[in-house]
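First up is the structure itself, then whatever we jot down about it.
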Amino acid sequence: MAGNVSLFWRNLFFTILQPGMVAGLIPWLLVRESINHSTFSDFSIVRYAGLLLLLAGVIITLLCIIRFATDGRGTLSPADPTKELVIAGLYRYSRNPMYIGVMSILTGECLLVPVTALFIYTVSIFIAFNLFIIFYEEPRLRKDFGEQYINYCRRVRRWL
């Protein structure tokens, strides 16, 4: 029981620290000066699409974090990784659905509040995610989970 409570708090901490900063605080800081009453008074189809993408991204990200805790017995953070390879749920369709979730949030934010700095930030984050996945995460997972991860990579694509 104490282990589950500890895992909950660690996941909450890393959720606030990582996707919370990347998809929440930093975008807010980039757009806050551009938001006013008129920003949301004319809600177009593009803004509705942005809101849907944002909500879908939040759901995807939370489902992945829960899966990491329940199946992987760890967190989303490289500082406190899962102890088991997570290959169920959304991980059956993509090796990186949590990153897809965060990118959906950021893309939704770009549609909701079209600010150039936010768009540049979103593209930069996508590039950073790719570099991190290819040069750090995938080699670590191959080392930690060996043949199980290699077989998983053969069956499931990196993105979609």
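The values are calculated or read from the model by the stated rules, or taken from the named source; none is laboratory data. Keep in mind that what you see is a predicted model, and the values were worked out from it rather than measured. Cβ: placed from backbone, ideal geometry, glycine included. Neighbour counts: every protein chain shown. Note: areas computed on protein heavy atoms with side chains; ligands, DNA, RNA excluded. Shrake-Rupley method; radii C 1.70, N 1.55, O 1.52, S 1.80 Å.
Overview of results
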| item | result |
| --- | --- |
| Inter-residue pairs, beta-carbon under 8 Å, first in contact (Cβ under 8 Å) with a residue 40 or more places away in the chain and in the range 142-158, second open to solvent by 60 Å² or more (accessible area, probe 1.4 Å) and hydroxyl-bearing (Ser, Thr, Tyr), 6+ apart | Val156/Tyr93 |
| Enumeration of residues in the range 18-29 that are open to solvent by 30 Å² or more (accessible area, probe 1.4 Å) and either outside any helix (DSSP H, G or I) or farther than 15 Å from Leu62 by Cβ (or both) | Gln18, Met21, Leu25, Ile26, Trp28, Leu29 |
| The range 77-101 residues that are touching a residue at least 12 places away in the same chain (Cβ under 8 Å), paired with ones that are of a type in the set (Asp, Glu) and crowded, with 16+ Cβ neighbours inside 10 Å (beta carbon under 7 Å, 6 or more apart) | Glu84/Asp71; Val86/Asp71; Ala88/Asp71 |
| Helices (runs of 4 or more DSSP H) contained entirely in the range 57-160, each with at least 1 residues that are open to solvent by 30 Å² or more (accessible area, probe 1.4 Å) and within 30 Å of Arg32 (Cβ to Cβ) | 97-112, 116-132 |
| Of the criteria (1) in contact with a Pro (Cβ under 9 Å, 6 or more places away or on another chain); (2) not in a helix (DSSP H, G or I), which one Asp42 fails | (1) |
